[in-house]
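Asker: So that we are looking at the same thing, I have put the structure below in structure tokens.
Just so you know, all these numbers are worked out from the coordinates, no wet-lab data involved. The model shown is predicted, which means the values in this text are computed figures rather than measured ones. Note that each Cβ is placed from the backbone with ideal geometry, even for glycine, and that neighbours are counted across all protein chains shown.
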């Protein structure tokens with residue numbers, strides 16, 4: 001019997017303008033997501049919610065130049081911080097650490113599970129009293145006690161060199177919380193892991209390594225380093241689309257389930273769903289590379305790269321406004337404000353960009369808070385504060401900073 005990979009490949013979709021056939025019709029509105037009817041002011045996973053929108057409408061960050069609540073030394077090359085239930089979690093190549101969000105006191109730290117490992121932990125995902133974090137080693141996925149950091153259980157992948165580099169995200173989420181988790185291994189296999197059984201409900205092999213994931217309802221979306229976007233349902237491919245470059249960011253719209261994907265060098269695409277699954281709604285050829293995440297909020301799509309932050313109209317893909325700067329980490333949105341991390345610190349802008357045309361804007365910038373180094377991993381907004389890691393300078397350590 002041919003594998004799912006070979007069946008899907010036979011449908012084509014190798015050109016930029018072509019689309020794989022729809023493999024069955026699924027109502028992507030079925031089921032809840034982690035943000036449905038949710039009023040959390042936390043930031044419980046890398047890109048806030050399973051849809052990858054990096055925007056929390058239920059909280060606000062500082063709109064005037066903030067002061068520092070606290071700062072503490074952390075490891076270099078840290079991920080975007082995650083905030084849940086009064087705790088800030090920061091992952092790095094060597095450790096996952098938990099700090100009290102109010103005073104910066106370290107609650108616990110988890111290092112390598114074996115003396116020879118450098119785990120390169122992903123950003124965690126937090127659900128209630130459990131922290132899920134991946135390691136880019138044979139450690140695989142870890143489930144930790146949120147209070148103590150103690151290991152509850154582990155899920156390993158088969159084969160060698162099969163660690164995780166993409167953060168875990170919840171699959172279907174109902175009223176009782178997370179029932180499954182989407183994890184990917186180094187060989188390009190997507191696993192929907194049942195959290196009760198601690199075994200996969202299904203697996204699906206894609207071409208090459210997975211670079212980004214998102215979910216909505218029962219549908220799992222995966223982008224690859226080879227430039228493909230997959231929509232998966234119940235272990236089968238619904239559709240597949242080839243885009244012109246590595247998928248650098250992936251998000252799913254709340255209404256309608258259409259996919260927004262950025263590529264390395266090929267612009268930003270909005271892909272349709274349902275009867276026209278995978279076809280292009282719009283293509284912003286000069287859209288941002290959008291390293292690792294978008295902010296999708298209030299009819300706008302914001303991405304950042306090493307040259308600028310750029311905001312597109314969500315319906316048409318037309319540029320609304322942009323600002324030049326080295327913003328090479330994922331941004332965050334809260335309320336009516338965008339927060340960008342860059343080479344010189346954190347900068348806040350009005351979501352609408354102020355007055356003006358494209359890069360010539362007035363009244364859009366709200367504040368800038370300088371760092372000793374650049375922002376590492378990305379910006380998080382939670383607990384009415386901005387949380388980010390400052391890489392420091394040549395003679396200065398990296399520091400986790402909380403601004404309010």
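Asker: What is the distance, in nm, between label points placed 7 Å from the Cα along the Cα-to-Cβ direction at residue 176 and at residue 198?
Answerer: Those two pseudo-labels are separated by 1.8 nm.
Asker: Quote the relative contact order of the range 57-195 in percent (integer), defining contacts as alpha-carbon pairs under 8 Å separated by 6+ residues.
Answerer: Worked out over the range 57-195, it gives 13 percent.
Asker: Can you give the relative contact order of the range 229-376 as a percent, counting alpha carbon pairs under 8 Å and 6+ residues apart?
Answerer: Rounded, it is 13 percent for the range 229-376.
Asker: Arranged by the count of other C-beta atoms within 10 angstrom, fewest first, what order do 250, 400 take?
Answerer: 400, 250
Asker: Could you compute the FRET efficiency for residue 165 and residue 365, with r as their C-beta to C-beta distance and R0 at 56 Å, rounded to 0.05?
Answerer: The computed FRET efficiency comes out at 0.95.
Asker: Relative contact order, percent, of the chain when contacts are C-alpha pairs under 8 Å separated by at least 6 residues?
Answerer: The value is 17 percent.
Asker: Rg (Å, one decimal) plus Dmax (Å, integer) for the alpha carbons of the range 4-403?
Answerer: Answer for the range 4-403, Rg first and Dmax second: 19.7, 57 Å.
Asker: A further question follows. For residue 64 paired with residue 39, estimate the spin-label separation in nm (one decimal), with each label point 7 Å from Cα along the Cα-to-Cβ line.
Answerer: Placing both labels 7 Å beyond Cα along the Cβ direction yields 2.7 nm.
Asker: Quick check on the chain: helices-only [θ] at 222 nm, where DSSP H runs of length 4 and up contribute -39,500 (n - 2.57) each and the sum goes over total residues. Nearest 500, please.
Answerer: That comes out to -500 deg cm²/dmol.
Asker: Kindly state, to the nearest 0.05, the FRET efficiency for residue 76 paired with residue 275, given R0 = 60 Å and r defined as their beta-carbon distance.
Answerer: Efficiency, rounded to the nearest 0.05: 0.80.
Asker: Please list 255-267, 302-314 highest first by mean number of surrounding beta-carbon atoms within 10 Å per residue.
Answerer: By packing density, highest mean first, the sequence is 302-314, 255-267.
Asker: What FRET efficiency, computed as 1/(1 + (r/R0)^6) with R0 = 22 Å and r the Cβ-Cβ distance, is obtained for residue 154 and residue 236, rounded to the nearest 0.05?
Answerer: Approximately 0.20, to the nearest 0.05.
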